[in-house]
Amino acid sequence: MKKLFCLVSLGLFLLARTASALTFNITYDSSVTNLTNAAQVESAFATAAQLFQDLYTNNATIKLTLYAGPTGPFTDGISLGRSQFILFPFSYINITNALRTHRASAADTNSVASLPATDPTGGPWYVPLAEARVLGLISLGDTNEDGEVGFATNKSYTFDPNNRTVAGKFDFIGVVEHEISEVLGRCTFDLTSAFVPYDLFRFTNNAQRSLDPNATNAYFSVDNGATALKLFYTNQFMGDVQDWKSSATPDAFDAFTSSGHLSPISTVDITALDVLGYNGPGLPAPHLAATNLINGNFQIRFVNTPGVSFTVLATTNLSVPLTNWTVLGTATESPLGQFQFIDSSATSPQRFYDVRSP
């Protein structure tokens, strides 16, 4: 019989969940409510918003309006998804002091430790309204709408949270998670004439912060550039330079996506909002269950946050460094929040497994 061993990555080890205080007040424009599939669209959008509510515990209500097609603030068109939000001016010192005050994780602590004492840009600096709320820079009772999200109506989508990988269809939940995160602060202005807090976490080398929108090797880091967590997209004329450069593993925060793929939230995505002031319990450690299938394969199962991507690794020797473990693949999610992976390559009588995100 194969033995099961779960080695939980430090990034996944967190205390038990507390009640979420981050909430969304969602308005659906008539362009949405008049759709023949309005109920599906609204339910899928609510599912995307719920993920952020599950992940973060800030005491704030985020007001969003969803639009379908070229209407409202998006009359000039939407290629797949778009967002719009209010920016408020603040001084560099006010912003960095707020980030320091709201640190609540190791990533927060590391990220603020390297923030320059004086403004490295000359400013001006702006903060999206939603982030200003959670950082305490603006009243929680401010009645302004935090942002608008729009999606193209000339594309085919899958709206089912339990079936997000459908040939020829875009993952609607992944698309709107991408746009909601921009409203929350995962954005940039232009890196030349004005700046936002997220710009402080761009690097091109250890201790070399990058504020050049044309830099081709800029990456996201929370430890003063020592560790590159994700590469940023590099062509400011073709996409958003605050998005990730697309890789073999699709991510909800990638600059581009294609149909037929699930675009999940990764732990790096969660960290990106974490260092912007969104604090919470994050991902719980997965508790694995396993079954020897009748065909000789080995099935691993666990329950975790819906929409997150998990990678399964294995080794037959625990003395081998984790960096040298074999990557077996990505766990599949179905139904929502329930993950499984079938290992069809296990031949040793003893094998150890690690589940991590991404």
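The values are calculated or read from the model by the stated rules, or taken from the named source; none is laboratory data. Only a predicted model underlies this, so the values are computations on that prediction, with no experimental measurement involved. Neighbour counts run over all protein chains shown; Cβ positions are idealised from the backbone, glycine included.
Results, tabulated for the structure shown:
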| quantity | calculated |
| --- | --- |
| Residue within the stretch 69-91 that is crowded, with 16+ Cβ neighbours inside 10 Å, touching a Pro at 6+ places or on another chain (Cβ under 8 Å), of a type outside the set (Gly, Ala, Ser) and modelled with pLDDT under 95 present | yes |
| Positions within the stretch 130-155 being farther than 16 Å from THR96 by Cβ, modelled with pLDDT of 95 or more and assigned to a loop (DSSP other than H, G, I, E, B), in sequence order | GLU145, ASP146, ALA152, THR153, ASN154, LYS155 |
| Breaking point among (1) surrounded by fewer than 20 Cβ atoms within 10 Å (Cβ to Cβ); (2) in contact (Cβ under 8 Å) with a residue 60 or more places away in the chain; (3) touching a strand residue (DSSP E or B) at 6+ places or on another chain (Cβ under 9 Å), for PRO335 | (3) |
| Extreme residue, modelled with the highest pLDDT, among residues of the stretch 305-324 that are assigned to a loop (DSSP other than H, G, I, E, B) and buried (at least 19 other Cβ atoms within 10 Å of the Cβ) | PHE310 |
| Residue tally, condition crowded, with 18+ Cβ neighbours inside 10 Å and under 19 Å from TYR28 (Cβ atoms), over the stretch 130-144 | 1 |
| One residue from VAL112, VAL127 being modelled with pLDDT of 95 or more, at negative phi and either crowded, with 17+ Cβ neighbours inside 10 Å or in a loop (DSSP other than H, G, I, E, B) (or both) | VAL127 |
| Lone qualifier among ILE270, ILE294, ILE265, ILE300 - being among the aliphatic types (A, V, I, L, M), buried (at least 18 other Cβ atoms within 10 Å of the Cβ) and outside the structural domain of THR165 (by TED's automatic domain parsing) | ILE300 |
| ALA113 of a type in the set (A, V, I, L, M) and touching a residue at least 60 places away in the same chain (Cβ under 8 Å) | yes |
| Odd one out for ASP343 among (1) in contact with a Phe, Trp or Tyr (Cβ under 8 Å, 6 or more places away or on another chain); (2) exposed (fewer than 15 other Cβ atoms within 10 Å of the Cβ) | (2) |
| Condition met for SER259 (surrounded by fewer than 18 Cβ atoms within 10 Å (Cβ to Cβ), modelled with pLDDT of 90 or more and outside any strand (DSSP E or B)) | yes |
| Residue within the stretch 31-45 that is surrounded by 17 or more Cβ atoms within 10 Å (Cβ to Cβ), assigned to a strand (DSSP E or B), modelled with pLDDT of 50 or more and under 20 Å from the mean Cα position of the chain (by Cα) present | no |
| Output for the stretch 194-218, where each listed residue is of a type in the set (Phe, Trp, Tyr) and touching a Gly at 6+ places or on another chain (Cβ under 8 Å) | PHE195, TYR198, PHE203 |
| Total residues in the stretch 156-208, condition out of contact with any Ser or Thr (no Cβ under 8 Å at 6 or more places or on another chain) and either closer than 19 Å to VAL32 by Cβ or assigned to a strand (DSSP E or B) (or both) | 5 |
